[in-house]
Amino acid sequence: MARTLLMVFAFLFLWVGSTPLFAGQEAVDPYNNGHFQVEVGDTIYVSESGERGPFQTLSKKPGKCGFGQELVAAEVTGVSRGAANVMLNGREVQFSTVGKYICACPEECPCQAISQAPAPCPCNPDKDMQPVGIW
């Protein structure tokens, strides 16, 4: 009896634990989980300070970063798991595509911005970005 019960619990543990692995990216809501979805060739708006700045803001629409400076348009040149390379000021810069903070707009947020530090939302500066629940 104890052996059967142990096997059932082991099966349930493995089944529940492995479900996210088999769910695929379609099961991930890019906005709510702080994942910024981009493809090579996309134009996005980024913090001009790049990897040197604390915010590393990425946005689908123009706006301002946490320092109050305008985000600049940049073309995505490469995408890897959790990162995107963009051409910024004549050089390739890598940004994380998994944000610690997201825009606090409703689900249909036009900029779907992410940031690595707290900042106002680029598309609605009156609202602060909120921490992502995965951190």
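The values are calculated or read from the model by the stated rules, or taken from the named source; none is laboratory data. Because the structure is predicted, anything quoted here is derived from the model rather than measured. When we count neighbours, we look across all protein chains shown, and the Cβ atoms used for this are built from the backbone with ideal geometry, even at glycine.
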(message) I'd like to check which strands (runs of 3 or more DSSP E) are fully inside region 45-135 and have at least 2 residues that are surrounded by fewer than 23 Cβ atoms within 10 Å (Cβ to Cβ) and out of contact with any Ser or Thr (no Cβ under 9 Å at 6 or more places or on another chain).
(response) 72-80, 91-96, 124-128
(request) Identify all residues within region 113-135 that are out of contact with any strand residue (DSSP E or B) (no Cβ under 7 Å at 6 or more places or on another chain) and among the charged types (D, E, K, R); write none if there are none. (result) 126
(message) Of the conditions (1) touching a residue at least 12 places away in the same chain (Cβ under 8 Å); (2) of a type outside the set (Gly, Ala, Ser); (3) in contact with a strand residue (DSSP E or B) (Cβ under 9 Å, 6 or more places away or on another chain), residue 69 satisfies every one except a single condition; which number is it?
(response) (3)
(request) Can you confirm whether region 2-16 contains a residue that is assigned to a helix (DSSP H, G or I), among the hydroxyl-bearing types (Ser, Thr, Tyr) and modelled with pLDDT under 85? (result) yes
(message) So residue 24 passes all but one of these: (1) at negative phi; (2) modelled with pLDDT under 70; (3) not hydroxyl-bearing (Ser, Thr, Tyr). Which condition number does it fail?
(response) (1)
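Give the residues of region 34-44 that are surrounded by fewer than 16 Cβ atoms within 10 Å (Cβ to Cβ) and modelled with pLDDT under 90, sorted by residue number.
Listed by number, the list holds a single entry, 37.
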